[in-house]
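Enquirer: Supplied in structure tokens, the structure appears directly below.
Coordinate-derived values only; no laboratory data. Everything numeric in this text was worked out from a predicted model, so none of it was measured. Methodologically, a virtual Cβ is constructed for each residue, glycine included, from the backbone with ideal geometry; neighbour enumeration extends over all protein chains shown.
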Amino acid sequence: MKKEEVPQDPGALGRVTREVCYATDKDGKYTKELSTGWDVKINALDLAWEDIAQRIENARQKVINNEASPVLFFMEKRLMDMTTIAAYTGFWKWQIKKHLKPAVFKKLSDKKLKRYADAFNVSVEDFIHLNVNED
Amino acid sequence: MKINFEHKQAAHCENGVTSSLLQYNGINKITEPLAFGIGSGLFFVNLPFLKINNGPAIAFRTMPGLIFKRTCNALDIPVIRKKFSSRESAEKALMEQLNAGQPVGCQVGVYYLTYFPKEYRFHFNAHNLIVFGKEGDDYLISDPIMETATTLTSYELERVRFAKGAFAPRGQIYYTRKGNNVTDAQIASAIKKGIKRNVVHMIKVPGSVIGIKSIANTGNKIKKWKDKLGDKTAGLYLAQLVRMQEEIGTGGGGFRYIYAAFLQEAHAFVPNDELLDISKSFTQSGDLWRTAAVQAAGIYKGRIGSQADYNQMGDYLLEISEIEKRAFQALSKIKWRNG
């Protein structure tokens, strides 16, 4: 990539910092250049977030339809996979899978609910009622 | 309390931390590209059966932590690395080093990294930054991907140092000790070692999970994605590929440009003119990776999307695989001269 081809498109990162790219000058020698962003990857990131929004919405519907517990909704909302949520809550993955079922979830003790709520960075009340306070 | 430490921006966090910590210890010649090349940073892996963020598990660089480790080893620089079971001892150890005037590398998770834009905050736990002081409750932070130095409160720093999940940092800190002065001959030998190891990783590992065969294999898979996955999922997979290739830290073109810069800089220590020619091959490869990214974006934005477009996308990767194969073969055949 030549120095003058380093893209300068406005993206989420560009609001906070420019990033270092390596590009060649007129003699073919590499130099460090700063870029505000590139449409191609900005679109890729946007697409990933659209997908996440869709997954969160699907999870919300499932909880409302009583097909899944709030654990599923917050897992998607907090971008967690099983490994991450197990690490933050201290539950085993097989336990979490059970807790995804509304019937099992309803019987969880306050103490266990608190472990989930802490991992999801919400109050127990908000956790049960799918309330999200954006931080 | 503030250590006299100069923040320097880099493309990639680990290269940047390595280069900055070494500079603090008086080793000024190890730039980001040199750290990357000596640490054999260039890589390609596509792990079958594994999914990351619901997409393919593809990486363009070597495992987190290895660049720092290999570079310091090759230059015979002592490294101290500690993990902690308690938050109190983790903070205490950090403060001890800062009080002794030692800037400290920290492994952190980015999900709660407050100065990052929200769009970039995933549960990625192998980010690196340097702490170089504390004023009131604020730690002074040099994050290599940021243009300027920044701060985190003690609560914020503790939270990212004890992020959980894959690659959990467990408060990990690391720093280098002043060793002997690093000579140009040592750097030259480290460069050769780094190149040889990278040759092995990219063209000599059997199977098609790692290296140039994995690039070709991924290209062939992409041609089947339209039928196998449908346009929507295929688009998400391509977007993931592009993010791994171009997002913060790669310097553009999936680290290929940094590697090209490394070969140019290596020439100053190892006077083999082939290095300059081979550097051009990596520039060509980086350019083609970016051309492929534009093609991918056409597909995930829905501008194009016929089977022929997927085939073209796959063919770009096959061509890249060939270019990198020839480049690494050329590197493996160099008869090293003494500088």
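Enquirer: If you consider only alpha-carbon coordinates, what radius of gyration and Dmax does the range B:65-183 have, in Å?
Expert: 14.2, 43
Enquirer: Output the pairs from B:Lys8/B:Lys204; B:Lys213/B:Lys301; A:Lys77/A:Lys98; B:Lys178/B:Lys325; A:Lys29/B:Lys83 with a Cα-Cα distance over 31 Å in this structure; if there are none, say none. Write down the numbers at each step before the final one.
Expert: Values: B:Lys8/B:Lys204 35 Å; B:Lys213/B:Lys301 28 Å; A:Lys77/A:Lys98 19 Å; B:Lys178/B:Lys325 39 Å; A:Lys29/B:Lys83 41 Å.
Too far apart for the 31 Å limit: B:Lys8/B:Lys204; B:Lys178/B:Lys325; A:Lys29/B:Lys83.
Enquirer: On to the next question. Mind giving me the nanometre distance, one decimal, between the label points for A:Asp110 and B:Ala185, set 7 Å out from Cα along Cα→Cβ?
Expert: Computed distance between label sites A:Asp110 and B:Ala185 equals 7.3 nm.
Enquirer: Under the √(5λ) rule applied to the eigenvalues of the Cα gyration tensor, what semi-axes describe the equivalent ellipsoid of chain B? Give them in Å, descending.
Expert: Working: eigenvalues 241, 144, 45 Å².
Semi-axes, largest first: 35, 27, 15 Å.
Enquirer: Would you mind calculating the relative contact order of chain B from Cα pairs under 8 angstrom and at least 6 residues apart, reporting the percent as a whole number?
Expert: Working: 625 pairs, mean separation 71.6, N = 339.
For chain B, the relative contact order is 21 percent.
Enquirer: Tell me the label-point distance for the pair A:Glu5, B:Arg81, using the 7 Å Cα-to-Cβ offset, in nm and rounded to one decimal.
Expert: Placing both labels 7 Å along Cα→Cβ, they lie 3.7 nm apart.
Enquirer: Collect residues whose amide H, placed 1.01 Å from N in the peptide plane, falls under 5 Å from the amide H of B:Leu152; neighbours closer than 5 in sequence don't count.
Expert: Amide H neighbours of B:Leu152: B:Tyr139, B:Ile141.
Enquirer: May I ask you to derive the FRET efficiency for B:Ala166 and B:Ile304 from their Cβ-Cβ distance with R0 = 25 Å, giving the value to the nearest 0.05?
Expert: Once rounded, the FRET efficiency stands at 0.10.
Enquirer: Next question. Can you pull the Kirkwood radius for chain A, inverse mean 1/r over Cα pairs, to one decimal in Å? Provide the component values of the computation, followed by the final result.
Expert: Working: mean 1/r = 0.0565 Å⁻¹.
Answer for chain A: a Kirkwood hydrodynamic radius of 17.7 Å.
Enquirer: Using Cα-only point scatterers and the Debye equation, what is log10 of I(q)/I(0) for the range B:241-299 at each q in 0.15, 0.23 Å⁻¹, rounded to two decimals?
Expert: Summing over Cα pairs of the range B:241-299 leads to -0.46, -0.82.
Enquirer: Looking at B:Phe255, B:Thr218, A:Pro10, which one has the Cα that reaches farthest to the positive end of the dipole of the protein assembly as shown (charges on Cβ: Lys, Arg +1; Asp, Glu -1)?
Expert: Working it through, the farthest residue towards the positive pole turns out to be B:Thr218.
Enquirer: Rank the residues B:Trp336, A:Trp49, B:Trp289, B:Trp225 as a footprinting-exposure proxy: fewest other Cβ atoms within 10 Å of their Cβ go first. Don't skip to the answer; put the middle values down first.
Expert: On the way: B:Trp336 15, A:Trp49 12, B:Trp289 27, B:Trp225 20.
The fewest-first ordering by Cβ neighbours comes to A:Trp49, B:Trp336, B:Trp225, B:Trp289.
Enquirer: Measure out, as a whole number of angstrom, how far apart the alpha-carbon centroids of the range B:130-193 and the range B:1-77 sit.
Expert: 11 Å
Enquirer: May I pose another question? Could you name the aspartates and glutamates whose alpha carbon sits less than 19 Å from that of A:Lys97, not counting residues in the same chain fewer than 8 places away?
Expert: A:Glu67, A:Glu76, A:Asp81, A:Asp110, A:Asp118
Enquirer: Now for a different question. Can you compute the FRET efficiency between B:Ile334 and A:Arg15 using 1/(1 + (r/R0)^6), with r the Cβ-Cβ distance and R0 = 45 Å? Round to the nearest 0.05.
Expert: Approximately 0.50, to the nearest 0.05.
Enquirer: To continue, here is another question. Below 16 Å, Cα to Cα, which lysines can A:Lys101 reach? Residues fewer than 8 away in the same chain don't count.
Expert: A:Lys62, A:Lys93, A:Lys112
Enquirer: When a footprinting reagent is the concern and you count Cβ atoms within 10 Å, what order do A:Lys114, B:Lys223 take, fewest first?
Expert: A:Lys114, B:Lys223
Enquirer: Also, I was wondering about something else. In a Debye calculation with equal point scatterers on the alpha-carbon sites of the protein assembly as shown and no solvent, what is log10 I(q)/I(0) at q = 0.07 Å⁻¹?
Expert: -0.39
Enquirer: Another one. Return B:Ser154, A:Ser109 ranked ascending by Cβ neighbour count within 10 Å, so the fewest neighbours appear first. Spell out each step's value before the answer.
Expert: Numbers: B:Ser154 15, A:Ser109 8.
Final ranking by Cβ density, sparse to dense: A:Ser109, B:Ser154.
Enquirer: Ok, one more. Pop the C-beta distance of B:Lys178 and B:Met1 into the FRET formula with R0 = 25 Å and round what comes out to the nearest 0.05.
Expert: After rounding to 0.05, the efficiency reads 0.80.
Enquirer: Could I ask something else about it? Taking Cα atoms of the range B:199-339, Rg/Rh with Kirkwood Rh, to two decimals?
Expert: Here Rg/Rh amounts to 1.04.
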